[in-house]
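Participant: This is the structure, below, for whatever I ask next.
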Amino acid sequence: MRHDLGWSYTLSGAMNTSNALGYFIGAMVTGRVIARLGPARAVLWAGWLAAVLMLLPGFFVDSTVLIIQRLLAGILSALIFVSGGILAARIGSHQAERAGLILGLYYGGTGAGIVISAVLVPWILDWVQPPFAPWMLAWWVLGLVCVLMVCVLRWPVAVLAAWEARGVEAEDSAQNVAWWPMRYALAGYALFGLGYIGYMTFAVALLQEHGANSSEVAWFYATLGVMVMASSRIWAGLLNAHQGGGALARLNVLLGIAVVLPTLTNNFYVFVASGALFGAVFLSIVASTTAFVRLNLPSAAWSAGIAAFTVVFAFGQVVGPLAVGWVADSHGGLVRGFFYSALALWAGAVFAYLQKPLAAKTALAVP
């Protein structure tokens, strides 16, 4: 799309920045939506709307329309992530010894989507010859895949909604949380959002700059996606072991290594190793913040706690793609942008390391 539509790196970054801005807006309103619909209905309705939005880039080439589409998709993504995270945390609360694995499985499910995309998109681009740009067809196919996945989602969401309805009388009313006691974890997570998104936005562009063909790009993304799915097993023990910011700190360090690897060499296999490490870590960082909320806050405050982390994460995502795109266009290319992203991740690790477990009374905000 960037090549066909003549986008600069800055405009390409603006697409993800728009998505991140929507994510930020969605995080701000998610608490109210969940209070009205409940997390089970919220994740399902947001899934349906997001699937429809996935189809739209196949019909439009105007950058303004696409930026608006990314904004709306970001709003729905935040709602899906927070409400789904709450459901996963509730399941984990009933199986404490497996809570880290359950959270990892939920967030690691994204890896299946990455693998499906890595298989379908290059095949469409290389082998299907429609009378229009093949990437348009790719968007339609991915949109239909999303519709299918939401159909599959209906059954487990119905089961969880019934579970929620049975337990609603036993739960306290929703509680707010104070941000200051968890300021170091929030700062570390914001820097994660800033650092990881540049890699996700421009990894393919950097691969292509170094001469990778579509098959190599597919292998890169497929490897990344498989490792995302495997991450739930790899880090389950770590997520259960740290009530403070230890898990977030360790994972940020590893992600910084994954991001900096492509800046050191043009070797394709180093790129693949970078993608494998990145996939094994990046959504486990998301899971680590949900684990932090589950281990430190009462269940009535989980929604507010997860939303707080989502807000700062979205802020980092807003800044990240634009910053990397600006650096790439004017100050040394994507390699230098990736290096700055790694520095942001390592700074986030330092902040997260400083986070101590919360005292329950100080973590709850006064109404």
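The values are calculated or read from the model by the stated rules, or taken from the named source; none is laboratory data. The structure presented is a predicted model; accordingly, all values stated were derived computationally and were not measured. Virtual Cβ from ideal backbone geometry, glycine too; neighbours counted across all protein chains shown.
Participant: Any idea which of 77, 83, 8, 18 is crowded, with 18+ Cβ neighbours inside 10 Å and over 29 Å from residue 238 (Cα atoms)? Spell out how you get there, then give the answer.
Facilitator: Values: 77 fails: over 29 Å from residue 238 (Cα atoms); 83 fails: over 29 Å from residue 238 (Cα atoms); 8 fails: crowded, with 18+ Cβ neighbours inside 10 Å.
On inspection, the qualifying residue turns out to be 18.
Participant: Sticking with this structure for a sec: Condition first: buried (at least 23 other Cβ atoms within 10 Å of the Cβ), touching a residue at least 60 places away in the same chain (Cβ under 8 Å) and more than 22 Å from residue 352 (Cα to Cα). Now tell me which residues in segment 249-298 satisfy that.
Facilitator: 262, 271, 275
Participant: What about residue 86, is it aliphatic (A, V, I, L, M), in a helix (DSSP H, G or I), over 20 Å from the mean Cα position of the chain (by Cα) and at pLDDT below 90? Spell out the reasoning first.
Facilitator: Values: aliphatic (A, V, I, L, M): yes; in a helix (DSSP H, G or I): yes; over 20 Å from the mean Cα position of the chain (by Cα): no; at pLDDT below 90: yes.
No, not satisfied.
Participant: Somewhere in segment 42-51, is a residue aliphatic (A, V, I, L, M), farther than 19 Å from residue 162 by Cβ and over 19 Å from the mean Cα position of the chain (by Cα)? Break it down stepwise before answering.
Facilitator: Initially, segment 42-51 is screened for residues aliphatic (A, V, I, L, M), giving 42-44, 46, 49-51.
Pick out the ones that are also farther than 19 Å from residue 162 by Cβ and you get 46, 49-51.
With the extra rule that they be over 19 Å from the mean Cα position of the chain (by Cα), the set shrinks to none.
Within segment 42-51 (the criterion being aliphatic (A, V, I, L, M), farther than 19 Å from residue 162 by Cβ and over 19 Å from the mean Cα position of the chain (by Cα)), the answer is no, since none of the residues qualifies.
Participant: Follow-up. State the number of residues belonging to segment 215-246 that are surrounded by 23 or more Cβ atoms within 10 Å (Cβ to Cβ) and either of a type in the set (D, E, K, R) or more than 25 Å from residue 113 (Cα to Cα) (or both).
Facilitator: 1
Participant: Checking the structure you have, find out if any residue of segment 51-67 is under 22 Å from residue 145 (Cα atoms), in a helix (DSSP H, G or I), in contact with a Ser or Thr (Cβ under 7 Å, 6 or more places away or on another chain) and modelled with pLDDT under 90.
Facilitator: No, the conditions are met nowhere in segment 51-67.
Participant: Is it true that residue 244 is without any contact (Cβ under 8 Å) to a residue 60 or more places away in the chain and in a loop (DSSP other than H, G, I, E, B)? Steps first, answer last, please.
Facilitator: Numbers: without any contact (Cβ under 8 Å) to a residue 60 or more places away in the chain: no; in a loop (DSSP other than H, G, I, E, B): yes.
No; evaluated as a whole, the condition is false for this residue.
Residue by residue, here is whether (1) of a type in the set (Val, Ile, Thr); (2) out of contact with any Asp or Glu (no Cβ under 7 Å at 6 or more places or on another chain); (3) more than 25 Å from residue 17 (Cα to Cα) holds:
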{"site": "41", "(1), (2), (3)": "no, yes, yes"}
{"site": "65", "(1), (2), (3)": "yes, yes, no"}
{"site": "73", "(1), (2), (3)": "no, yes, no"}
{"site": "85", "(1), (2), (3)": "no, yes, no"}
{"site": "90", "(1), (2), (3)": "no, yes, yes"}
{"site": "124", "(1), (2), (3)": "yes, yes, yes"}
{"site": "128", "(1), (2), (3)": "yes, yes, yes"}
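Participant: Another question about this same structure. Regarding segment 266-278, can at least one residue be identified that is aromatic (Phe, Trp, Tyr), farther than 17 Å from residue 351 by Cα and in contact with a Gly (Cβ under 9 Å, 6 or more places away or on another chain)? Please lay out each step first, then the result.
Facilitator: Residues of segment 266-278 that are aromatic (Phe, Trp, Tyr), as a first pass: 268-269, 271, 278.
Going one step further and asking which of them are farther than 17 Å from residue 351 by Cα, we end up with 268-269, 271, 278.
Next, from what is left, pick out any that are in contact with a Gly (Cβ under 9 Å, 6 or more places away or on another chain): 268.
Yes, segment 266-278 contains a residue that is aromatic (Phe, Trp, Tyr), farther than 17 Å from residue 351 by Cα and in contact with a Gly (Cβ under 9 Å, 6 or more places away or on another chain).
Participant: Looking at segment 92-119, which of its residues are outside any helix (DSSP H, G or I) and either surrounded by fewer than 16 Cβ atoms within 10 Å (Cβ to Cβ) or touching a Ser or Thr at 6+ places or on another chain (Cβ under 8 Å) (or both)? Explain how you work it out, then say what you get.
Facilitator: Initially, segment 92-119 is screened for residues outside any helix (DSSP H, G or I), giving 95, 109.
Selection gives 95 alone.
Participant: Scan segment 163-178 and tell me whether some residue there is in a helix (DSSP H, G or I), among the basic types (Lys, Arg) and over 24 Å from residue 292 (Cβ atoms). Show your work before the answer.
Facilitator: Step one: of segment 163-178, the residues in a helix (DSSP H, G or I) are 163-170.
Checking which are among the basic types (Lys, Arg) leaves us with 166.
Those still in the list that are over 24 Å from residue 292 (Cβ atoms) too: 166.
Checked segment 163-178: at least one residue is in a helix (DSSP H, G or I), among the basic types (Lys, Arg) and over 24 Å from residue 292 (Cβ atoms).
Participant: For segment 1-27, which positions are hydrophobic (A, V, I, L, M, F, W, C) and part of a helix (DSSP H, G or I)? Can you show your working first?
Facilitator: Taking segment 1-27 first, the residues hydrophobic (A, V, I, L, M, F, W, C) are 1, 5, 7, 11, 14-15, 20-21, 24-25, 27.
Those that are hydrophobic (A, V, I, L, M, F, W, C) and part of a helix (DSSP H, G or I): 5, 11, 14, 15, 20, 21, 24, 25, 27.
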